[in-house]
1. Roughly speaking, what is the centre-to-centre gap between the range B:74-113 and the range A:73-99 when only Cα atoms are used, to the nearest Å?
2. Within the range B:1-87, list the chymotrypsin sites (Phe, Trp or Tyr not before Pro) lying in a DSSP loop whose Cβ has at most 13 other Cβ atoms in a 10 Å radius.
3. Which value results for Rg/Rh of the protein assembly as shown when Rg is the Cα radius of gyration and Rh the Kirkwood radius based on the inverse mean 1/r?
4. Beyond a 27 Å Cα-Cα separation, which of these cross-linked pairs lie in this structure: A:11/A:71; A:15/A:62; A:71/B:55; B:55/B:78; B:38/B:73?
5. If you take every residue apart from residue A:69 with its C-beta less than 11 Å away from the C-beta of residue A:69, what net charge results, scoring Lys and Arg +1 and Asp and Glu -1?
6. Pull up all non-local amide H partners of residue B:44: gap of 5 or more, or a different chain, and H-to-H distance under 5 Å with H placed in the peptide plane.
7. First select every other residue whose beta carbon is under 11 angstrom from the beta carbon of residue A:112; then total the charges, Lys and Arg +1, Asp and Glu -1.
8. Based on alpha-carbon centroids, what's the gap between the range B:39-73 and the range A:50-71 in Å, whole number please?
Amino acid sequence: EAEVAQSPRYKITEKSQAVAFWCDPISGHATLYWYRQILGQGPELLVQFQDESVVDDSQLPKDRFSAERLKGVDSTLKIQPAELGDSAMYLCASSLVDLGRGETQYFGPGTRLLVL
Amino acid sequence: AQTVTQSQPEMSVQEAETVTLSCTYDTSESNYYLFWYKQPPSRQMILVIRQEAYKQQNATENRFSVNFQKAAKSSSLKISDSQLGDTAMYFCASNTGGNQFYFGTGTSLTVIP
């Protein structure tokens, strides 16, 4: 069964350093999402792509976070510089089409980030 | 913005018993989708069940079923014949058909042998 791949699974970094996370969605899925999940809370959307275009990045802290999906397939989320408050699980999800049709999202295993 | 509320931070149930997890949401839309996701410890989030608001019939998937009360804006997840593998965080989520997908804060369910 096809799955969403994410790497690394765990990342420890010092504040002010740069970190990058990678996501490979299920083949053929046009929509890709990056979520941040703070311990004890539900996921919050950071950015949504439809193919290579950003559809929604209203909750992305653009002064330090950036995301790209250059060829409309895999995606990279970057934080520079990292801050203590960025410690969280970063989840990637994909869906076949836009959620406008109530499509199911499929989640990857996540990258757990710890900023020291 | 929509809000999704899960008022039960933690629940426990004896193995083989039935448990119901509660979820309320706030939306002004007439057509929307509600989801229940399961996140086992250290494992990825997976879809448990999906409810379409325009369908009157409650969704059912094997041991999992939804009690959907549209007027009350409530969507409860019932797990029958609880199994040890059901131990996980359960998230309720809503989507009105736009871009945003709103999650509740989750309910941690423990199945006791």
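Every read-out reported here was derived from the displayed coordinates using simple, explicitly stated rules and does not represent laboratory data. Since the model is a prediction, treat every value here as computed from it, not as a measurement. No Cβ is skipped: glycine too gets one built from the backbone with ideal geometry, and neighbour counts run over all protein chains shown.
1. 22 Å
2. Values: sites: B:25, B:32, B:33, B:35, B:36, B:37, B:54, B:64, B:68; in loops: B:32, B:54.
Loop-located and lightly packed - B:54.
3. Working: Rg = 17.6 Å, Rh = 18.1 Å.
On the Cα set of the protein assembly as shown, Rg over Rh gives 0.97.
4. Beyond 27 Å: A:71/B:55.
5. Values: positive: A:71; negative: A:24, A:51, A:52, A:68, A:74.
Counting the neighbours of residue A:69, the net charge comes to -4.
6. Placed amide hydrogens put nothing under 5 Å from residue B:44.
7. Details: positive: A:9, A:11; negative: none.
Every neighbour counted, the sum reads +2.
8. Their Cα centres are 30 Å away from one another.
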